[in-house]
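Written out below as structure tokens is the structure these notes cover.
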Ligand code: AMP
Ligand code: GLY
């Protein structure tokens, strides 16, 4: 079977690597891809915002499944255009992807479906925002409404910080914001595949969003992750599925906008149980890298079952019962302006240690691998527990020669602190 993968990050490299292991795969195409993905796929120059061009390419190459990695093409309705042309797609419609594209949409859904989440106010002007602050204490959370690549959220410790965040959001016309109650607890990510009717729990992970060791500094897209997240115990996972995932799947289906793809629930494990912080409508990056390391299924088979609405025929997904851990190497400057073009060496030697180096922002310049983005590599390894996986990941990372790059040295620290 021919498959087209949309995207160019470490997440897509991990998906390509796993899809390429399927005995059912004939040719994998990737747009726009990257040099790591090119080891598994034929890279094609397709403008994914030109839906007609993607539909034509799919027909010309007899592609039977399109896997959409990132959120932007989902929110843009690429899955709808492909489905309208009769193509099987892994990824939700634009209407269902509003779960990620609009925080206000998700908050309103939580209200309708009785899903536990932080109390909130949705405001469309600075005056309403300032007035709403009176109803919340501090800390309080101020969020832009819309896709912001993890950068549109301010956790304000003081009223002044909250007002500054609101001023910022409403400095341009047309802004909308969500103000939220601050939730106490530890965060975990839960992944669940759904075809709109059936669900398939697909693993857990814990991300590291801040740029610096000890979870300090600005938010990023994620500097490292490990899976499983033991803090999400089987009991808490069952609760999250019953109280958050099922009401979401059923409500969206009942309202005529079923969600088909992967629900990535960002959870806060509060003293009163799991609460939804946010939904994403795609796999996490770098969480996908650790999930794919542990997955013991034919990924093509699973994603096709989702796309064709046959998920209910499958048993539970099998994952290795070890731990996978990934450390992101970013280009200096990230999450601000990353330094581009820095040379990268030692990837082959690093993989000889048994690790897997997923590429994100890379390109080839005259045969030399160089940095071409904020997050550049995701160095991923497995071990019997998080400590062993961490040791293996950093052993591989230390073989990589990327002088203009940096990484956190403490990925997995919460779990390691717990288990001693
Ligand atoms: P989001 O983009 O909604 O995932 O928010 C980014 C990060 O901000 C989350 O991963 C949390 O660490 C933090 N955050 C968001 N909402 C809340 C909340 N209501 N209470 C506490 N922390 C939050
Ligand atoms: N690692 C966070 C995300 O993919 O949104």
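With the Cα gyration tensor of the range 1-147 giving a ≥ b ≥ c as the square roots of its eigenvalues, does the rule (a/c under 1.5 for rounded; else a/b larger than b/c for prolate; else oblate) give rounded, prolate or oblate? In terms of gyration-tensor shape, prolate. Taking each residue as 0.36 nm, the span from residue 363 to residue 135 lengthens on full extension beyond its C-alpha to C-alpha distance by 77.2 nm.
Oblate is the label for the range 323-368, because the ratio a/c of its alpha-carbon gyration tensor axes (a ≥ b ≥ c) is 1.5 or higher and a/b is not greater than b/c. Extension gain for residue 210-residue 314 works out to 33.7 nm (0.36 nm per residue, less the C-alpha to C-alpha distance).
On the basis of the beta-carbon distance and an R0 of 22 Å, residue 85 and residue 42 show a calculated FRET efficiency of 0.55. Defining a contact as two alpha carbons under 8 Å apart and six or more residues distant in sequence, what relative contact order in percent does the chain show? Relative contact order, the chain: 16 percent. Using a simple spin-label model with pseudo-atoms 7 Å out from Cα toward Cβ, residue 184 and residue 401 lie 5.1 nm apart.
Taking a ≥ b ≥ c as the square roots of the Cα gyration tensor eigenvalues, with a/c under 1.5 meaning rounded and otherwise prolate when a/b beats b/c, else oblate, which class fits the range 90-230?
Taking the square roots of the gyration eigenvalues as a ≥ b ≥ c, the range 90-230 is oblate.
The modelled label-to-label distance for the pair residue 384/residue 270, using points 7 Å beyond Cα in the direction of Cβ, is 3.9 nm.
For the range 1-64 versus the range 173-222, the spacing of their alpha-carbon centroids is 27 Å. Protection proxy ranking, highest mean first, for peptides 102-111, 312-321, 353-362: 353-362, 102-111, 312-321, where packing is the per-residue count of other beta-carbon atoms within 10 Å, averaged.
Using C-alpha pairs below 8 Å separated by at least 6 residues, the relative contact order for the range 266-420 is 24 percent. In the chain, helices alone account for a calculated mean residue ellipticity at 222 nm of -8500 deg cm²/dmol, with every DSSP H run of four or more residues adding -39,500 (n - 2.57).
Of the three principal axes defined by the Cα atoms of the chain, the extents in descending order read 57, 47, 44 Å.
Taking 0.36 nm per intervening residue step and subtracting the Cα-Cα distance, what contour gain separates residue 49 from residue 155 on full extension? Taking residue 49 through residue 155 to full extension adds about 34.8 nm, to one decimal. An ellipsoid equivalent to the range 29-115, defined through the eigenvalues of its Cα gyration tensor, has semi-axes of 29, 15, 10 Å when rounded to whole angstrom and sorted largest first. Please compute the contact order of the range 1-151 in relative form: average sequence separation of alpha-carbon pairs under 8 Å and at least six residues apart, divided by the residue count, as a percent. Reported relative contact order: 17 percent.
Rule-based calculations on the coordinates, nothing more; no lab input. Here the structure is a predicted model, which is why all the values come from computation and not from measurement. Please note: Cβ atoms are built from the backbone with ideal geometry, for glycine as well, and neighbour counts cover all protein chains shown.
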